[in-house]
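The values are calculated or read from the model by the stated rules, or taken from the named source; none is laboratory data. On a predicted model such as this, the values are computed, not experimentally measured, just so you know. Neighbour counts run over all protein chains shown; Cβ positions are idealised from the backbone, glycine included. Only protein heavy atoms, including side chains, enter the accessible area calculation; ligands, DNA and RNA are left aside. Shrake-Rupley method; radii C 1.70, N 1.55, O 1.52, S 1.80 Å.
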Amino acid sequence: MPQHFTITEHGYIRRLSTALRKEQTDTLSAIFVSDSTFELLKQLSFRANTDPLLTYSVQKGGEFIRIKNYVGVLQLADRTQIEILPKIALHTQLPEMRLALLRMLRTVPELPFHRLSQAQLQQAHLPVWEIFISAFIAEIEQLTRQGIQKSYETVEEQSRFLKGKWQYHRQNHAHPELLAIEHDQFIADILPNRLLKTCIEFLAKRSQYLPNQAKLRKLRFIWDEIQPSSTLAEDFQKVQHLARSFDRYTQALKWAKILLMNQSWSTFGKNTNESLLFPTEQLFERYVAQGFKRYCQGYEVVYQETAHHLVHRHDGKPQFKLRPDLVLRFQEQVIVIDIKWKRIAPDAPNYGIDQADLYQLYAYGQKYRATELYLLYPAHESFTTSLPAFRFEDALPLTVLPFDITQPLSTSMGTIRAIIAHQKNTPTS
C-alpha cells in the first residue's frame, strides 16, 4: 500500500530508522519516512537545475531534509505521496489548511483549478490529491452523460474484402487473398478519448479513497472500447488544436494533462511521478491580486505593472524595471501594494520585516508618486491587526496589514477594503 504523509512548508523529514522512539510521531512540521524513501528525497535535493524544493542538512549527526516554499503534492518513484500544505497559524486545523490551498489554486487561470466546485472545496478532510481526482471524475462523468464524442479515423488493415482504398504499395504479395486497405471509421477510439482513458486507468491504480475508486471502476467499464495512449507528450501536443466540436473536452483534458504529465509550475525530473507543486509566494500573490480585482471595482487595479524603471543610464536608456505587485488608482490617488509570503512577528525587532522589502517599496512609492503604500503579509495567531503606522515621509505613509487566507476571499477583502477606505478619509498628521 503506498504511503501518504502530510506536512507543512518548512517542515522537516527524517529517517524513521535513526529517530529516537519518543520522536517517531508524525506531525505537520516533521515526518518520519523509511530509509528508501529518504534516499529518494535526498537524491532529489541534490539534483542540479531544479527549483529548490528540498534542502538536505546534517545536524548533530542526524540527517534532515527540509521542505521549502512549495505547496501541493509530491509523489516519489516508490509511490510515497507527500502532501505539502501552507503554513498558517500554529493551531490551524488540517482541513482549514487544505481549504486555504484550494482557494488559492482556484485563482490560477491557466490551470483547471478554477473549476473546483463548492462541493469539492467541502472535501477538505481528504488529501488534495483525492480532491483533484474527484474534480477530474466530475468532468468525465459530465462528458459521459453528454455522450462520448466519436469521429472519423483513418484505419489501415488487411482484409479479404475491398472497402475504402486499396493501398497497392502496402500489399503483401505473399498473401494475395488479403488486401491492404485504408478506410474511415466513425469510432470513439480517437485521440482525445485515448488521453482521458489513460488518465482514468492511471488514477484507478493510485486513488485510495473508496468513493473515487468505485467511480473510476465504473468509468473504466464505460470507456472499455477505448485504448489508452502510448505517446502522452506527443498526443497532448496534438490535442491543442482540436475542432470546436471538442470544446466540451477542454477542462477534462486540462485535468488529464496535469495529473498525467506533471503540469504545475515545477518539474523535478525522473525521481517523481506526479508532482503538483506550486510556489507558495506566487499563489498568495495571485490570490490577493484576484481579491483586489474582484472586490475593489471602484479602482483601476493593475497586477505587476512594468511602467517604470529604477534608473536611467547616461544615454537615457532605462534600466532595472520595477514590478510592484499591485497598483491601485482612483482619481488623484495612487496606492502601491507589495505582497509577501513571510511570517511577521509583532513582538520581534522590526517586526520581522526585511529592510530590503522597505527599500523596494520606497522606490515604488517615489517612482509611482504614490499617496499610500501597503505591505500585505499572511495573517496568523500573533498577527491579526495592522501594525502601528509607518511613514517614509510626511506625504508617504506605509501600512502593514494581515491577509487571512483561512477566510473566504470576500471576507478578507472586506476587511482590507475598509482599512484602505478609512486611511483615505483620515487626514495624516
Residue check, Leu328 touching a residue at least 12 places away in the same chain (Cβ under 8 Å), in contact with a Cys (Cβ under 9 Å, 6 or more places away or on another chain) and closer than 27 Å to Thr280 by Cα: yes
Name the residue that is most open to solvent (accessible area, probe 1.4 Å), counting only residues in region 299-318 that are β-branched (Val, Ile, Thr) and in a strand (DSSP E or B). Val311
Is it fair to say Leu277 is at pLDDT 85 or above, part of a strand (DSSP E or B) and closer than 29 Å to Arg79 by Cα? yes
Looking only at region 398-419, count how many residues are in contact with a helix residue (DSSP H, G or I) (Cβ under 8 Å, 6 or more places away or on another chain) and open to solvent by less than 30 Å² (accessible area, probe 1.4 Å). 11
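Can you tell me which residues in region 98-123 are hydrophobic (A, V, I, L, M, F, W, C) and either within 25 Å of Gln213 (Cα to Cα) or part of a loop (DSSP other than H, G, I, E, B) (or both)? If you could, list the steps in order and put the result at the bottom.
From region 98-123, those hydrophobic (A, V, I, L, M, F, W, C) are 99-102, 104-105, 108, 111, 113, 116, 119, 121; that's our starting set.
Residues satisfying the conditions are Leu99, Leu101, Leu102, Leu105, Val108, Leu111, Phe113, Leu116, Ala119, Leu121.
To keep it simple, each residue is scored yes or no on (1) surrounded by 13 or more Cβ atoms within 10 Å (Cβ to Cβ); (2) at pLDDT below 90.
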residue: Glu9; (1), (2): yes, no
residue: Tyr12; (1), (2): yes, no
residue: Leu20; (1), (2): no, yes
residue: Gln24; (1), (2): no, yes
residue: Leu40; (1), (2): yes, no
residue: Lys68; (1), (2): yes, yes
residue: Gly72; (1), (2): yes, no
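Conditions (1) open to solvent by less than 10 Å² (accessible area, probe 1.4 Å); (2) touching a strand residue (DSSP E or B) at 6+ places or on another chain (Cβ under 8 Å); (3) modelled with pLDDT under 85, marked per residue:
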| site | (1), (2), (3) |
| --- | --- |
| Ala48 | no, no, yes |
| Leu53 | yes, yes, yes |
| Tyr56 | no, yes, no |
| Ile65 | yes, yes, no |
| Ile84 | yes, yes, no |
| His91 | no, no, yes |
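Rundown of residues vs (1) free of Cβ contacts under 8 Å to residues at least 24 places away in the same chain; (2) farther than 15 Å from Gln333 by Cβ; (3) open to solvent by 20 Å² or more (accessible area, probe 1.4 Å), yes/no style:
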| residue | (1), (2), (3) |
| --- | --- |
| Tyr374 | no, no, no |
| Ser382 | no, yes, yes |
| Leu387 | no, yes, no |
| Glu393 | yes, yes, yes |
Of the residues in region 93-112, those that are open to solvent by less than 10 Å² (accessible area, probe 1.4 Å), at pLDDT 90 or above and under 11 Å from the mean Cα position of the chain (by Cα) number 4
Which condition number does Gly352 fail, the rest of (1) within 16 Å of Phe403 (Cβ to Cβ); (2) surrounded by fewer than 18 Cβ atoms within 10 Å (Cβ to Cβ); (3) in contact (Cβ under 8 Å) with a residue 40 or more places away in the chain being met? (3)
If Leu126 passes every condition in (1) at pLDDT 90 or above; (2) open to solvent by 30 Å² or more (accessible area, probe 1.4 Å); (3) part of a loop (DSSP other than H, G, I, E, B) but one, which one does it miss? (2)
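Results for (1) part of a loop (DSSP other than H, G, I, E, B); (2) within 27 Å of Ala100 (Cβ to Cβ), shown as yes or no for each residue.
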residue: Phe320; (1), (2): no, no
residue: Val336; (1), (2): no, yes
residue: Ile344; (1), (2): yes, yes
residue: Asp357; (1), (2): no, yes
residue: Tyr364; (1), (2): no, no
residue: Tyr374; (1), (2): no, yes
residue: Arg391; (1), (2): no, no
Would you please name the residue that is farthest from Ala345 (Cα to Cα), looking only at residues in region 113-123 that are surrounded by fewer than 19 Cβ atoms within 10 Å (Cβ to Cβ) and of a type in the set (A, V, I, L, M)? Ala119
Hits in region 92-109 (condition: within 20 Å of Thr384 (Cα to Cα) and free of Cβ contacts under 8 Å to residues at least 12 places away in the same chain): Gln93
Can you pull out the residues in region 176-226 that are open to solvent by less than 30 Å² (accessible area, probe 1.4 Å) and either touching a Pro at 6+ places or on another chain (Cβ under 8 Å) or basic (Lys, Arg) (or both)? Lys197, Thr198
Within region 228-248, count every residue that is closer than 21 Å to Leu203 by Cα, among the small types (Gly, Ala, Ser) and either in a helix (DSSP H, G or I) or open to solvent by 60 Å² or more (accessible area, probe 1.4 Å) (or both). 2
Which is outside any loop (DSSP other than H, G, I, E, B) and either modelled with pLDDT of 75 or more or exposed (fewer than 13 other Cβ atoms within 10 Å of the Cβ) (or both), of Phe161, Phe136? Phe136
Restricted to region 335-349, and to residues that are surrounded by fewer than 17 Cβ atoms within 10 Å (Cβ to Cβ) and in contact (Cβ under 8 Å) with a residue 12 or more places away in the chain, which residue is nearest to Val302 (Cα to Cα)? Lys342
